[in-house]
1. If I filter segment 130-145 down to residues being surrounded by fewer than 15 Cβ atoms within 10 Å (Cβ to Cβ) and free of Cβ contacts under 8 Å to residues at least 12 places away in the same chain, which single residue comes out as farthest from the chain's Cα centre (by Cα)?
2. Name the pairs whose Cβ atoms lie under 7 Å apart, with the first residue in segment 255-272 and in contact (Cβ under 8 Å) with a residue 60 or more places away in the chain and under 23 Å from residue 100 (Cα atoms), the second within 9 Å of ligand 1 (Cβ to nearest atom) and not in a loop (DSSP other than H, G, I, E, B), and 6 or more positions between them or separate chains?
3. Given the condition assigned to a loop (DSSP other than H, G, I, E, B) and either away from ligand 2 (no atom under 16 Å from the Cβ) or over 24 Å from the mean Cα position of the chain (by Cα) (or both), answer yes or no: does some residue in segment 181-202 qualify?
4. Would you be able to tell me the number of residues in segment 339-360 that are at negative phi and surrounded by fewer than 17 Cβ atoms within 10 Å (Cβ to Cβ)?
5. Out of segment 241-254, which residues are without any contact (Cβ under 8 Å) to a residue 40 or more places away in the chain and either surrounded by 23 or more Cβ atoms within 10 Å (Cβ to Cβ) or within 15 Å of ligand 1 (Cβ to nearest atom) (or both)?
6. Determine if segment 289-302 includes at least one residue that is within 11 Å of ligand 2 (Cβ to nearest atom) and in the same structural domain as residue 205 (by TED's automatic domain parsing).
7. Could you please give the count of residues in segment 170-179 that are assigned to a helix (DSSP H, G or I) and more than 9 Å from residue 148 (Cα to Cα)?
Ligand code: SF4
Ligand code: SF4
């Protein structure tokens, strides 16, 4: 039906949709913004470079806790791969901090422009534009400091960072990094914004590789020529594209703003929107196939591995090794063997470990302090000697166990060791 005829016979307007993608996205944006701030502050995830620690899900992991770090990184990698194959660039449109803050800066700028225009309507246009620009930059400057602070908190403890910020530290590497990130953030949200997504963002390129014929897309379909060429879908698109040309444009971040725009415009004419989410270009009935099942299974595998590795983790890690530079020492009728220990306290509280011996009769353990105290986050290292009367030795090599038990409970560690004695001389 020609457009003019359609407008004359206007059907009753459709009720406005209860949920719009715009509102949904803004709610998710707000939740992601809170999560972005909370993650480093509550130790959900942070690479603490000065202390060489990796914080994950509230655990303080030491860089040598390779298994947990490996499972965590593999889990995150397959999470990104899986979500890209299935949902395309939805992460970009709904959760990416670059998108969230770019849109927020555009909204702030628009509102300031409107406010200045309304409040100072009698000013010449250039003066109004200049005032709006100055106001926008003045608001963006403290916001950039705040965002840079939140970002660097992923690598430096927030408390240390706050002290550096108050001292206006521009001498240490941390202070200079903070100033540089603040400047980059300011320039990014002033000039770059979503251009970043279509030029240098590696995730956008990755998506081009991972997407397939069933990946979620935004598609335009108008078999019955309902489009009234209002171009509202083009005007609302922050990425500056016309989705009607193709659903496969790399710039599209699947935000759904064009869906809302079309639903709103055509809804007033009693028609349905022409743009929608589909599984692939040809709207597959189901998104599932063997590739997706395998990726989800791998994700589950690494998720379970991570869960088990975290469950098996001990706050206090004890290591013991014999010192064999001298095999044994003889003194006052006793044989001495020397051992080296290391106790790493990876917990949040002070701890202590007590050493004891098993399966070595008449032996004594000589150590400066037993239990050995270890402060939270510290490593205690030292040596001790085990001795026994020469006459008690029955063999040159005897097997026994050193037990390291945390004071105040917790599982003990057992270390199988050997005790060396002088060769036994048989009587003639
Ligand atoms: S908003 Fe809908 S009706 Fe308007 S130009 Fe876009 S697709 Fe056509
Ligand atoms: S085309 Fe639509 S879904 Fe894609 S980025 Fe633009 S507004 Fe968002």
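1. 130
2. Close Cβ pairs (under 7 Å, with a partner that is within 9 Å of ligand 1 (Cβ to nearest atom) and not in a loop (DSSP other than H, G, I, E, B)) amount to 259/275.
3. If we filter segment 181-202 for residues that are assigned to a loop (DSSP other than H, G, I, E, B), which is where we start, we get 193-194, 200-201.
Subset that is either away from ligand 2 (no atom under 16 Å from the Cβ) or over 24 Å from the mean Cα position of the chain (by Cα) (or both): 200.
Within segment 181-202, one or more residues are assigned to a loop (DSSP other than H, G, I, E, B) and either away from ligand 2 (no atom under 16 Å from the Cβ) or over 24 Å from the mean Cα position of the chain (by Cα) (or both).
4. 8
5. Kept after step one, since they are without any contact (Cβ under 8 Å) to a residue 40 or more places away in the chain, are these residues of segment 241-254: 241-249.
Across segment 241-254, the qualifying residues are 241, 242, 243, 244, 245, 246, 247, 249.
6. Here is the first cut: in segment 289-302, the ones within 11 Å of ligand 2 (Cβ to nearest atom) are none.
No: zero hits.
7. Initial filter on segment 170-179 (assigned to a helix (DSSP H, G or I)): 173-179.
Narrowing further to those that are more than 9 Å from residue 148 (Cα to Cα): 173-177.
Here the count works out to 5.
Quick grid of which residues meet (1) out of contact with any strand residue (DSSP E or B) (no Cβ under 6 Å at 6 or more places or on another chain); (2) part of a helix (DSSP H, G or I); (3) free of Cβ contacts under 8 Å to residues at least 60 places away in the same chain:
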residue	(1), (2), (3)
103	yes, yes, no
128	yes, yes, yes
147	yes, yes, yes
162	yes, yes, yes
168	yes, no, yes
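The values are calculated or read from the model by the stated rules, or taken from the named source; none is laboratory data. What you see is a predicted model; the values in this text were computed from it and never measured. Every residue, glycine as well, gets a Cβ built from its backbone with ideal geometry; the counts of neighbours run over all protein chains shown.
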